[in-house]
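Here's the structure, in structure tokens; my notes come after.
The values are calculated or read from the model by the stated rules, or taken from the named source; none is laboratory data. Computed from a predicted structure; not experimentally measured. In this analysis, Cβ positions are derived from the backbone assuming ideal geometry, glycine residues included, and neighbour counts consider all displayed protein chains. With ligands, DNA and RNA removed, areas are computed over all heavy atoms of the protein, side chains included. Shrake-Rupley method; radii C 1.70, N 1.55, O 1.52, S 1.80 Å.
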Amino acid sequence: MGSSKKFIRLNNLNLLQKFTVVSVSLILSFFNSYGLKVNYPDGLGTMSGSYNDIGLFAKFVLLSILFATLSLGFISYQDSFVQEKNKLVSWLDHKMIFFKTKKKSFLFILVLWGIFLLPFFPVVSGWDLVAQIHEMVDVKSSVAAANIFNVYPIGQYLTDGTNTVWTNQHGAFLTAFYGLTIKYSWLIFDSYLPAYLFLGLSHFLFAVFSYSYTLSVIHNVAKSTYLKAIGTVFIIFNPVIFLSTISLSKNPLFLSAFVLFMGLLIQILLQNKRMDIRWMTMTFFAVFLGSIAVKWASILFFLVGVFLVFSLKKAGLKKISISVLLPVAVIKIMLLILSSNGVILNGDPIEGKGLQIQQVGRYLKYYPNDLSESQYKTLNKLFKVENMGKLYQTYNVDPLKSSGYPDKFSKASTQLGYRFQTVKKKDWEDFNKVWLELYKKHPEVMNDGFVAQVGNYLEPSRIPMDDVATTIPSDSIGHGYGSLQYSKWTHKLYHNIIRNGLGIIYDRVFNSHFAFFMHGNFWIVVLLLMAPAYFSNWKKFTLIVPVLLQIPIAMLSPLSNSTRYTLGLIAVTPMLLMLINTKMQKDEKNHFKASR
């Protein structure tokens, strides 16, 4: 009788749920069968000729059934859930009871993560931090190679006529905050360590507050003790997550702000909490901080704000406009004013064309002499065509964009991809036309290029790129500011046996399938399978939207299967798993209509 009731419930799915179950299962099964022909082992394979493989087709069908069954299983579990009652449940509830109190949760995470992070004290960071310091220290040089913005180059036509080296490449306001703090730390204390202490501890305390706040909200709302225990363990004991809490990089800072934002969303969507002054202030701060951390966050928060207006109707219009939409508008207006007055350098159009560039690079790797005269002329204004096939990497678009530190300034350079020194805005006008022509001529290699760039994010058998920092780079800043390598006390903090050894252990653990909970592509698959269960009404739909939006953002990033670009998915998907069977108050008023 119980299974019959579950079957009836599954037949009452709305149209959006049915469509999502079918489409998600087909997409995931395609990438985990045919897509692996491209991505295994090195991304240089092809799907060409594989559609006649009966064994591969059988795998595709079986995986489709498996993924659909798992997705339907989430919906069935959500609808049929009954609170567990046994000794294990009672024991787990007793052990996790302090998570229901924000202060106790804060103290627990503070002490636990503080112990975990002691060998990495006070901060970790990637090379972006070095660039941010340079932008606040350097002056513009007539020698192109001496300008820091040419590490990730901006078209020279965008940099002419201004003396600034301040860019929005790593978030203009975050660059100013980090760069100026470290700059004045050296000027005042003759050391970078005070800045590292301030920046590292402030981010750590904010991150601990964000996680403790949101986990406390979830533990008071979620119903399943088992899911709360599983989700909490996946978050609290995940090195990717707790290392990000002391990272001076844009994506980790966004993650901390986003976790707090999700906790605030849960309160109004699942708890029907009033949007009082305190809630609005915290939301404004989370959105503002997240938006200055990464450029794409403003788009994400704007879309979520629109969905919130639909979910909460007129009652939430004014408050959502102030707390979610206003901070996005303020940042955009400030950037517009500063860039139009030459204070901040405008972004380069190439940043939005990474996937297309990867496909063209792959095309020229296999068909280097296949361009028509007009196609060559168009592409050669933008790129050094003879280098593109050689520079193409399946996992990283940066070499084609001339990013990084290789020799790219001489005319004879074999490392030059993007012609940033000579390109003009009008040169991009025919790029899409050429791209489409190449697609029509050899669709198989262009499709393979697409799969190589985005497919790994949907293939949990593929171990992601290990691009989470466990140390801080050593680099000479110059201009009287010394060197990160030789600055007082700092070098020993970041280069010692314990820290280096733990970094090696972290890398080995991460690069194993055992560490699936540290991998962004695993959580993307879980999120997609869970999504139909959240598509039952506007409020739960709105709750999952900001997490789902980060999947295409990661796929369109410069890196394939990056961990940094999936941090929001790694941390928040377990939270949504904990909430999957949570019933909302006044739930029936927001339900989508079932499709019969």
Checklist entry - Got a number for the accessible area of Tyr376? Probe 1.4 Å, square angstrom, nearest 10. => result 100
Checklist entry - Which value, in Å² rounded to 10, gives the accessible area of Asp276 with a 1.4 Å probe and all protein chains present? => result 40
Next on the checklist: Given a 1.4 angstrom probe, I'd like the percentage of the accessible area of the chain that is carbon and sulfur, rounded to a whole number.
Outcome noted: 66
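Can you tally the net charge around Arg564? Count Lys and Arg as +1, Asp and Glu as -1, for every other residue whose Cβ sits under 12 Å from the Cβ of Arg564.
-2
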Next on the checklist: Give the lysines whose C-alpha is closer than 17 Å to that of Lys540, dropping any in the same chain fewer than 8 places away, or say none.
Outcome noted: Lys18, Lys223, Lys273, Lys313, Lys583, Lys586, Lys589, Lys593
Checklist outcome for this item: Note: Ser512 to Val22 extended length (0.36 nm per residue) minus current alpha-carbon separation gives 173.3 nm
Checklist entry - Under a 1.4 Å probe, what is the accessible area of the chain per residue, stated in Å²? => result 43
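What full-extension length gain, to one decimal in nm, is calculated for Phe177 and Leu317 as 0.36 nm per residue of separation minus the Cα-Cα distance? Don't skip to the answer; put the middle values down first.
Numbers: separation 140, 0.36 × 140 = 50.40 nm, distance 3.23 nm.
Here the answer is 47.2 nm.
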Checklist outcome for this item: FRET efficiency for Lys433 and Asn12 from the Cβ-Cβ distance with R0 = 45 Å, rounded to 0.05, comes out at 0.40
Checklist entry - Once the other residues with Cβ under 14 Å from the Cβ of Thr214 are scored (Lys, Arg +1; Asp, Glu -1), what is the net sum? => result +4
Checklist entry - Sorted by average packing, counted as other Cβ atoms within 10 angstrom per residue and highest first, what order do 85-97, 259-271 take? => result 259-271, 85-97
Checklist entry - Of Val330, Val111, Val287, which has the most accessible area with a 1.4 Å probe, and how do the rest follow in descending order? => result Val111, Val330, Val287
Item to check | Glu351 paired with Tyr376, simple spin-label distance in nm, labels 7 Å along Cα-to-beta-carbon | outcome: 3.4
Checklist entry - Among the lysines, which fall within straight-line cross-link reach of Lys390, defined as a Cα-Cα distance under 25 Å, with same-chain neighbours fewer than 8 residues apart omitted? => result Lys37, Lys353, Lys365, Lys377, Lys381, Lys401, Lys408, Lys411, Lys424, Lys433, Lys440, Lys441
Next on the checklist: Taking every DSSP beta bridge with both residues inside the chain, roughly what % is antiparallel (nearest 5)?
Outcome noted: 65
